[in-house]
Amino acid sequence: KNLAGHWAKRELKLMSISGSVATQIPHAVGSALAARLRGEDSVSVAYFGDGGSSKSDFHEGLNFAAVHQLPVVLFCENNRVAISVPFEKQSPVRSVADRAVGYAVVGISVDGSDPLQVYRVMREAVDAARAGRGPALIEARVTRLGQHTSQVGDTRGPREMAAAHRHDPIPRFARYLRHHALLDERLESQLVERAEAEVQDAIQYAGHEPPPPVERAMQDVY
């Protein structure tokens, strides 16, 4: 049906991605088309990885969005490895944002470990899409901090992992907040405790949930 980390919340208009890589892109493009037909001013955003940018759904979705100048932003989290395939072995271009040229849309590459840069670029892209200036393709350059899943080992050594963690956006943003007197040790400790408590509550909740009945296996599958 789907992986545990593929969550959604209908009330917030957050739709789940699929285990089939990149299929959420044409879904987002279709959602943008529907919004236009209904006369709404909403903007659709599709998130995916660098591996997804090599799939046909990416190209078909971006092409359709560009032809019809739809209000949609495609956001690629490029950690330069698709499970275990290096970016250089799946892409002829150095940046996913370079692919935008072939579809005559805006392409932007941003430091994905800097939350403020990402916010600024996304704000501009969403505002432009809402104003009728068409779609955008954004690449956030990031470093994968762990392995793809618990079933797939990480081929990187200790030195590479240490280098990767130097680009962790959470400590980086924490340093920014401390520098601007927006975060102190007490508040940081409270935030960490609250987050850890939420995680433990979620683990307990999931652990006590009964297995779904067999007859639900094919429900909502199409």
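Points to keep in mind about this one:
- Here segment 89-116 is the region considered, the condition is being part of a loop (DSSP other than H, G, I, E, B) and closer than 21 Å to D57 by Cβ, and the residue that is nearest to the chain's Cα centre (by Cα) is S95.
- Test: residue in segment 172-187 that is farther than 30 Å from N63 by Cα and in contact with a His (Cβ under 8 Å, 6 or more places away or on another chain): no
- Qualifying residue in segment 172-189 (condition: within 25 Å of Q117 (Cβ to Cβ), among the aromatic types (F, W, Y) and not assigned by TED's automatic domain parsing to the domain that holds S53): yes
- One residue stands out in segment 91-104 among those that are out of contact with any strand residue (DSSP E or B) (no Cβ under 6 Å at 6 or more places or on another chain) and touching a residue at least 12 places away in the same chain (Cβ under 8 Å): the one that is surrounded by the most Cβ atoms within 10 Å (Cβ to Cβ), namely R99.
- Selection count where residues are in a loop (DSSP other than H, G, I, E, B) and within 18 Å of S109 (Cα to Cα), scope segment 78-88: 2
- Evaluation of Y119 against (1) among the hydroxyl-bearing types (S, T, Y); (2) in a helix (DSSP H, G or I); (3) under 30 Å from P158 (Cα atoms) (one fails), failing number: (3)
- Just one of the numbered conditions (1) among the aromatic types (F, W, Y); (2) in contact with a helix residue (DSSP H, G or I) (Cβ under 8 Å, 6 or more places away or on another chain); (3) within 30 Å of G39 (Cβ to Cβ) is not true of F173: (3).
- Looking only at segment 50-77, and only at residues there that are more than 23 Å from D127 (Cα to Cα) and outside any helix (DSSP H, G or I), the one that is farthest from the chain's Cα centre (by Cα): K55
- Count - residues of segment 14-52 that are more than 17 Å from L62 (Cα to Cα) and free of Cβ contacts under 8 Å to residues at least 24 places away in the same chain: 10
- Only listed residue being without any contact (Cβ under 8 Å) to a residue 12 or more places away in the chain and surrounded by 10 or more Cβ atoms within 10 Å (Cβ to Cβ), chosen from E198, E185, E209: E198
- Tally, over segment 110-151, of residues that are of a type in the set (G, A, S) and surrounded by 19 or more Cβ atoms within 10 Å (Cβ to Cβ): 7
- Test: I83 is exposed (fewer than 14 other Cβ atoms within 10 Å of the Cβ), under 18 Å from the mean Cα position of the chain (by Cα) and under 30 Å from Q147 (Cβ atoms): yes
- Extreme residue, nearest to A66 (Cα to Cα), among residues of segment 1-48 that are modelled with pLDDT of 90 or more, touching a strand residue (DSSP E or B) at 6+ places or on another chain (Cβ under 6 Å) and not in a strand (DSSP E or B): V29
The values are calculated or read from the model by the stated rules, or taken from the named source; none is laboratory data. Since the model is a prediction, treat every value here as computed from it, not as a measurement. Please note: Cβ atoms are built from the backbone with ideal geometry, for glycine as well, and neighbour counts cover all protein chains shown.
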